[in-house]
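Peer 1: Handing you a structure now.
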Amino acid sequence: MNQFAYPWVFVLLLLPFVWRKVVPMVKGLHGDALKIPFIADLEKISIESGSVWKVGSASNDENYGKNFWFLYVIWSLLVIALARPQWVGEPIRLKNESRDIMLVLDISTSMLAKDFVLGNKRIDRITAVKNTATEFVQKRANDRIGLILFGTRAYMQSPLTFDKQSLLDILWMTDAGMAGDSTSIGDALGVALKNMKDDKTSKTQKTIILLTDGENNDGSLSLTQAIKLAEAEGIKVYTIGVGNESMFMGLFASLNPQVDERGLKALAQATKGQYFRAENTAALQEIYNLIDKMEGNVAPERFVRETKELYYIPLLAAILMSMALAVVLRRAY
């Protein structure tokens with residue numbers, strides 16, 4: 001699509017005619033003459049030659065008319081160039097600025113407890129988390145997402161990345177108990193904070209989502225120490241406690257931990273996040289949907305159009321016509 005950046009400039013096309021009407025004829029050595037600034041050189045030539053612009057001569061009036069319109073064409077081309085003709089392409093949507101979200105998931109042995117239901121089938125906690133986290137990751141198309149898994153030890157499985165499929169592949173290859181039987185929430189949070197601290201992204205665009213079904217009972221970093229570190233970093237932490245003690249199956253009853261709700265609430269409060277409790281699959285899905293809404297896009301959608309400037313075409317034409325006129329007048333006089 002073609003357009004002009006400054007279409008109002010076209011009003012200048014009337015200027016030569018307005019000037020011609022407003023400025024009165026003046027008496028000179030050779031009679032009446034029209035006072036037009038941009039043909040001052042032609043007037044000078046007329047005085048010196050005494051022929052072409054001689055007053056009262058039929059050829060004088062004829063040449064004046066021809067030169068006026070020739071100069072007007074040059075003037076028009078200059079006005080067109082000043083209006084900045086452009087070619088503008090179709091609008092292209094720019095990607096929104098991304099957020100950095102670190103998923104910190106508990107894969108201790110207790111996550112094997114089958115107290116969740118999906119499609120009328122009883123499933124364990126880790127499977128419910130995998131399904132729900134997958135849906136969440138797929139929604140965050142513009143964000144970088146990382147993955148930390150923890151049990152007795154905490155492990156960085158995927159740094160912050162736009163490659164969502166690779167991250168999900170790693171998640172689905174994970175089994176509860178791979179990182180040990182106990183739960184080191186403090187160490188897992190410490191690993192997440194360290195990796196996000198090293199990144200240059202603004203703190204307001206960083207979020208940690210920590211999910212566990214127990215309490216901090218292992219690791220070198222206590223939950224209290226981890227909370228102080230998180231508060232100092234200013235990175236928002238959402239905490240999710242999973243599990244339904246009333247439905248816990250007998251086989252894993254001895255492994256059933258108590259969710260440290262007090263500690264998880266303190267962590268969320270200190271970092272301006274929020275604590276959630278999920279006792280079933282629907283509640284877990286609702287929690288991730290709510291976090292998805294709360295951590296919306298950083299910026300509204302933006303569009304850009306490719307623009308090519310075309311002003312040089314009429315400008316070049318005006319220069320060439322001016323050069324041609326100069327050559328013609330030089331030969332004539």
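The values are calculated or read from the model by the stated rules, or taken from the named source; none is laboratory data. Values in this document were obtained by computation on a predicted structure and should not be read as measured data. Cβ atoms come from the backbone with ideal geometry, glycine included; neighbour counts cover every protein chain shown. The accessibility values were calculated without ligands, DNA or RNA, using every heavy atom of the protein model including side chains. Shrake-Rupley method; radii C 1.70, N 1.55, O 1.52, S 1.80 Å.
Peer 1: Between Met156 and Met294, what length in nm is gained on full extension when 0.36 nm per residue of separation is reduced by their alpha carbon distance?
Peer 2: Here the answer is 47.2 nm.
Peer 1: With labels modelled as points extended 7 Å from the Cα through the Cβ direction, what inter-label distance (nm, one decimal) is found for Leu13 paired with Glu135?
Peer 2: Those two pseudo-labels are separated by 6.1 nm.
Peer 1: Still on this structure, please answer the following. Using the Karplus equation 6.51 cos²θ - 1.76 cosθ + 1.60 (θ = phi - 60°), what ³J(HN,Hα) coupling, rounded to whole Hz, does each residue of region 131-145 give in order, writing x for Gly and Pro?
Peer 2: My calculation for region 131-145 gives 4, 5, 5, 4, 4, 5, 4, 5, 6, 8, 4, 9, 9, 8, 10 Hz in order.
Peer 1: Shifting gears a bit: For region 103-224, just say rounded, prolate or oblate: build the C-alpha gyration tensor, square-root its eigenvalues into a ≥ b ≥ c, call rounded for a/c under 1.5, and beyond that prolate if a/b exceeds b/c, oblate if not.
Peer 2: oblate
Peer 1: Another one. Multiply the residue separation of Val88 and Lys308 by 0.36 nm, subtract the distance between their alpha-carbon atoms, and state the gained length in nm to one decimal.
Peer 2: 78.5 nm
Peer 1: Related question: Take Tyr275, Tyr238 and sort them by solvent-accessible surface of the protein heavy atoms, 1.4 Å probe, largest at the top.
Peer 2: I get Tyr275, Tyr238, largest accessible area first.
Peer 1: Show me the ranking of peptides 164-174, 281-291 by mean Cβ neighbours inside 10 Å, starting with the highest.
Peer 2: The most tightly packed comes first, giving 281-291, 164-174.
Peer 1: Which far-off residues, 5 or more places away or on another chain, put their amide H under 5 Å from the one on Leu147, with H placed in the peptide plane?
Peer 2: When sequence neighbours closer than 5 places are left aside, the close amide H contacts are Leu103, Gln157, Ser158.
Peer 1: Let me ask something additional. Based on the mean of other beta carbon atoms within 10 Å per residue, what is the order of 75-82, 146-153, 315-322, 177-184, most packed first?
Peer 2: Ranked by mean Cβ neighbours within 10 Å, highest first: 146-153, 177-184, 75-82, 315-322.
Peer 1: Assign one of three labels to region 94-165, namely rounded, prolate or oblate, based on the Cα gyration tensor with a ≥ b ≥ c the square roots of its eigenvalues; rounded applies when a/c is under 1.5, prolate when it is not and a/b is larger than b/c, and oblate otherwise.
Peer 2: oblate
Peer 1: Still on this model: Could you compute the FRET efficiency for Gln269 and Ser220, with r as their C-beta to C-beta distance and R0 at 25 Å, rounded to 0.05?
Peer 2: After rounding, the FRET efficiency stands at 0.55.
Peer 1: I've got another one for you. Cα-Cα over 21 Å: which of Lys139/Lys164; Lys206/Lys265; Lys236/Lys265; Lys130/Lys197; Lys194/Lys236; Lys139/Lys228?
Peer 2: Where the Cα-Cα span goes over 21 Å, the pairs concerned are Lys130/Lys197; Lys139/Lys228.
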